[in-house]
Each structure stands twice: as C-alpha cells, then as structure tokens.
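Notes follow the structure.
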Amino acid sequence: MGLAATEPIQVAANIIGKEVEGSDGALTPVHEEPEADYIDSKEERAFVWRLDLFFLSIGFLGYMFKYIDQTNISNAYVSGMQEDLKLYGNELNYFTTFFNIGYMIMLWPSCVLISHIGPSKWLPACEVFWGVFTCCLSVAKNAHQVYGLRFLIGFFEGTTWPAYFTIISQWYLPHEIALRMSLYNIAQPAGAMLSGATQGLLATNLNGVHGRSGWQWAFLINGVCTIAIALAAFFLLPGYPERPNPLSRFYLKPRHLEIAKARAKRVGRKPQIGITLKTFFRCFTFWQLWAFGIAWPIGGNTVPSNFFNLWLKSLRNPNGSKTYSVAMLNYLPIVGQAIQLVCELLFSGFSDYFHTRLPFLLLHSSINITSLVILIVRPSNRHTYFAGCVSMMLLLAWASAHLQHEPEVRTVLFASGTFLAYVMNAFIPIAAFPAKEAPNWRIGAKLYLGFSILSTFIFVGIFFAFKWEEKRKVAKPDVTRPEYGDDSRSICIQKGDKSLGVFQDRSL
C-alpha cells in the first residue's frame, strides 16, 4: 500500500500555468512561481503507510460492521426469525425497503453536514446510534417494530459511504485511490462472510441460551461491536488535510499534514469547504455526476446475490426434506463473497498499476452478464449458479481523478450515486425478487441483465466523453487551474529555470 521507490520528489507549490494532457504521456512544460516544496520519497511512503494503518483499518472495521448491521436481517430471517415472529409474507423485502428509505433520506443532508462539521465527529456519532438500534432488534416482537428499527438504522448509516469515500479522495493521489477504495469496500463481502459465519455459529451454540434465539444474540453482539468501533473512530478518523481531527494527533504529526497538503497541490486538488445550497445545486450541472451516478448503481449487480441464501433455503431433497441446515444456509454464501473480495483487490490493484480503468470495468461487466444469463437459463446443475459482481470502486476512482478541482462535486457524486442505488434497491427487489416466488423468480435476473448491458455502454460513453474533453482542453487551454485526467500519476516533476515539466502517464 506504499509508494514505489523513487528519487526525492519536488512538488510545485504555486502553479499558475496549464498542463496539457496528452494520451501519449508526453512531457509538457507548466509555468510556475519559484516557490516549491520538497518531499523525500521515503518520507512520503512512510506517511502513506501510516495513513493506511490507522485510517484504512478503522474504515474497514467500521464499514464491515455497517454492512453486517445492514444485511444481518437476511441471515436472521433464515435462522429462526421468520418462524419466531411469524413472517410468512414479503416482510423480508419490506425490512430492506424501510432500511433503504431511511438511508436515502440521510444521504444528501449528511454530506452537507460533514462538509461543515467534519467527518471525525459526525461519522462516529451516527455509528453509535445505529449500533444501539441494532441491539434493539434483538428484542423486537413483531414485524412493525422491526420496520421502525430498520428505518432508524438505515437513517444513521446513510452518512458512511459518501463520507468515507470523500476522505479517501482528499488524502490519496489518483493512482492510489482505486486500491484504497477497494480495501475499504471489501469490508462489504468480509462483513457478509462474518455475518453468515457468526449466525451459523450462534444458531448452533447460543440458540436458547438465557431464553434468546441465535438470531437475537447475533443482533446484540453486532450492535455492541459497532459501538466499540465507533468510539475508536473518534480518535482514528483523520478529518481532512486542511481540517485535521485534533484527536488524531498521536499518529498525524504536523509534518504529516504538510506532506498531505503538498501531495494535494501536486495534483491540483482543492480543499474541502462547506457545501451551501447554491454549490449543492451547482454540482448537478456537471455531466460527470449524472454519468457516474447512473452507471454506478445499475452496473454493480449486487441485488441478485443478496437473495442467494433465500434460494438455498427453498431447495429440497427428493424426499421433500430441506437440502441445507440453518448453519449451511449461512456458510455457503461465504464462498462467493470470498471470491468477490479477492477479485475486487486484484481488479483495483492492477487498474492502479496499469493506470487504466475501462478494460477492467468491461471485464466486470462480462462477469455480471455471464452470471445473469446462467440465472435466466437455469441449468439443472445447481453448482453452476452464481451471481457475479466484482467492483464499482474502479468507476469511483475514475470519477475522482477527473474531479480533483471540484471537491463539492465529488462529495455530492458519492451521495447521489448511493441515493440512486438505494432508490433502486428499496423498490425494484420487491417486484423483481419477491420472497414468495423463490427460487424461480420470473423477472429478477432478466431485469438486472438489462441493467448490466446498459451500464457497459455508459462505461464506454464516459471514456469517449473524457477523450473529447481532453481534445477540447488542448484546443482551448484554461490558464486558471491544472486539470488532471484519468489515471494521472503526477510523480516526476523536474525543475528548470522558471518552468516545471509534469509527466502524465495515461494509457488506453
């Protein structure tokens, strides 16, 4: 997670010229003032490792338990909750819908609040609240109580995704972002694996202890862990380079903040400022927000995989008995989640290494399309069934690299893409994957196959839109700020008399 060894890096402090971005990676002069900052490469690598160790670690744990608290309802449902609370309709779908509604309501207000308050206070506070409400699920007596608690959990969880991704996009360079976003995002399959394993163990070992079912113990334990991580986050979340968290001074010293600010200058990144009503609506005038915000939720293909354990529960042996035990219903999905985890790291790591996004996004789409075709064809061999999804972090890293100079747009994009994803997840699964139709859903896989094909065309369209913008910038240079395109790795800066040369390594 560190940087490759290089010679000491010289970073321009006051660039007033315009870099010309070339697809051939040409060395183009950029005029600047004489003032410059110098960062030794070893010192920079040590800083990145320090940031990875503290920030990514707490981010990983926080998002892992966030995802557990979001999805453990499915594990609980197949582990006795359905029978204990007499849930024999589409209540499972509505549990997800109420969560998603609360999540969506919080997204945009939260990204505005974070821009003013800062993430190091707001994020952990919200995490404490949803941890408490997760504990309360263990004493729910009926579906209506679960509806209310799921809404509140979703409401306070709504701050996490856009906030964490905004922090990552402010501290890391464009060629570092995809892997870091994936290291954060793999907490999702890791959380699903842990949730399934935990529910399987509790169903076997704690079911009936102190009069509680295994699924009740799972909610209680998950909530307590969430609260503990939230308390640690008050000290470990770094804030923003220009507005650091005072409690994180034990690992982010003044020199580390100087390095962070110099790195931001290197790629022309502006600091985070408070989002106003005017700047909020201005963000929606950027085509990048609409293109990435739409491609992200329809290209992810996570919904079909969420119903895998429900499909497993519906399977029967020739004599009519259930094919899998409660423990196996929780354990089997772990295999697919583990594969997703590994693939996400590989895709993002190689994408950063080769400085390109589109080929890996197209490979992601081909995996999704293949898996959905299998679900539609329904082969007799059950072992061929799978629902694939690899990573949308490549897409978000791609967007971040093109919006270095628009921090407000980046934050609102992260919230808007998430909002659309949850709008879709709140209502479409009720019609596409109704619990009563399991395992032979009529339209689910067909609908999401259409989404995957559409997203593939959007990926290609975004690529050509950036190519068009690149040509336009060359024809009409903007001397007010440096622009940095996809997969920019502005590592080597050479000083001449009164000019700098910035090497832009771009591929594809």
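The values are calculated or read from the model by the stated rules, or taken from the named source; none is laboratory data. Note that the structure is a prediction, hence the values are computed from the model and not measured. Backbone-built Cβ (ideal geometry, glycine too); neighbour counts: all protein chains shown. Please note that ligands, DNA and RNA were not included when accessible areas were found on the heavy atoms of the full protein model with its side chains. Shrake-Rupley method; radii C 1.70, N 1.55, O 1.52, S 1.80 Å.
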Within region 137-154, the residues that are in a helix (DSSP H, G or I) and either open to solvent by less than 10 Å² (accessible area, probe 1.4 Å) or among the polar types (S, T, N, Q) (or both) are Leu137, Ser138, Gln145, Val146, Arg150, Ile153, Gly154
Of all residues in region 167-194 being part of a helix (DSSP H, G or I) and of a type in the set (Ser, Thr, Tyr), which is nearest to Val412 (Cα to Cα)?
Ser169
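Per-residue answers, yes or no, for (1) under 27 Å from the mean Cα position of the chain (by Cα); (2) modelled with pLDDT of 80 or more; (3) assigned to a loop (DSSP other than H, G, I, E, B):
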{"residue": "Trp441", "(1), (2), (3)": "no, no, yes"}
{"residue": "Ala445", "(1), (2), (3)": "yes, no, no"}
{"residue": "Tyr448", "(1), (2), (3)": "yes, yes, no"}
{"residue": "Ile453", "(1), (2), (3)": "yes, yes, no"}
{"residue": "Phe459", "(1), (2), (3)": "yes, yes, no"}
{"residue": "Phe464", "(1), (2), (3)": "yes, yes, no"}
{"residue": "Glu469", "(1), (2), (3)": "yes, yes, no"}
{"residue": "Asp478", "(1), (2), (3)": "no, no, yes"}
{"residue": "Gly485", "(1), (2), (3)": "yes, no, yes"}
Out of all the residues in region 322-348, which are among the hydrophobic types (A, V, I, L, M, F, W, C), at pLDDT 75 or above and more than 11 Å from Ala190 (Cα to Cα)?
Cys343, Leu345, Leu346, Phe347
Test Ala232 against the stated conditions and say whether it is assigned to a helix (DSSP H, G or I), buried (at least 19 other Cβ atoms within 10 Å of the Cβ) and either in contact (Cβ under 8 Å) with a residue 24 or more places away in the chain or not polar (S, T, N, Q) (or both).
no
Conditions: (1) touching a Leu at 6+ places or on another chain (Cβ under 9 Å); (2) modelled with pLDDT of 85 or more. Thr411 meets all but one. Number of the miss?
(1)
Quick check, is Thr96 touching a Pro at 6+ places or on another chain (Cβ under 8 Å), over 16 Å from Met393 (Cα atoms), assigned to a helix (DSSP H, G or I) and not assigned by the TED database to the domain that holds Phe433?
yes
Pull out all pairs, ordered by first then second residue, where Cβ-Cβ is under 8 Å, the residues are six or more apart or on different chains, the first lies in region 452-465 and is in the same structural domain as Gly417 (by the TED database), and the second is surrounded by fewer than 13 Cβ atoms within 10 Å (Cβ to Cβ).
Ala465/Trp287
Kindly indicate whether any position in region 243-257 is touching a strand residue (DSSP E or B) at 6+ places or on another chain (Cβ under 9 Å), of a type in the set (D, E, K, R), assigned to a helix (DSSP H, G or I) and on the phi < 0 side of the Ramachandran plot.
no
Pairs, please: C-beta under 8 Å, at least 6 apart or cross-chain, first residue within 16 Å of Pro238 (Cα to Cα) and in the same structural domain as Thr96 (by the TED database) and in region 117-144, second open to solvent by 60 Å² or more (accessible area, probe 1.4 Å) and outside any helix (DSSP H, G or I)?
Gly118/Arg243
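The rows are residues; the columns are (1) open to solvent by 60 Å² or more (accessible area, probe 1.4 Å); (2) at pLDDT below 70.
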| site | (1), (2) |
| --- | --- |
| Gly268 | no, no |
| Ile273 | yes, no |
| Trp290 | yes, no |
| Gly293 | no, no |
| Pro297 | no, no |
| Asn301 | no, yes |
For region 72-87, state whether one or more residues are in the same structural domain as Thr159 (by the TED database), polar (S, T, N, Q), open to solvent by 20 Å² or more (accessible area, probe 1.4 Å) and not in a helix (DSSP H, G or I).
no
Yes/no for Glu157 being within 20 Å of the chain's Cα centre (by Cα), more than 27 Å from Ala260 (Cβ to Cβ), at pLDDT 90 or above and open to solvent by less than 50 Å² (accessible area, probe 1.4 Å):
yes
Single residue of region 196-221 satisfying the filter (at pLDDT 80 or above and open to solvent by less than 30 Å² (accessible area, probe 1.4 Å)) that is farthest from Thr71 (Cα to Cα)
Ser213
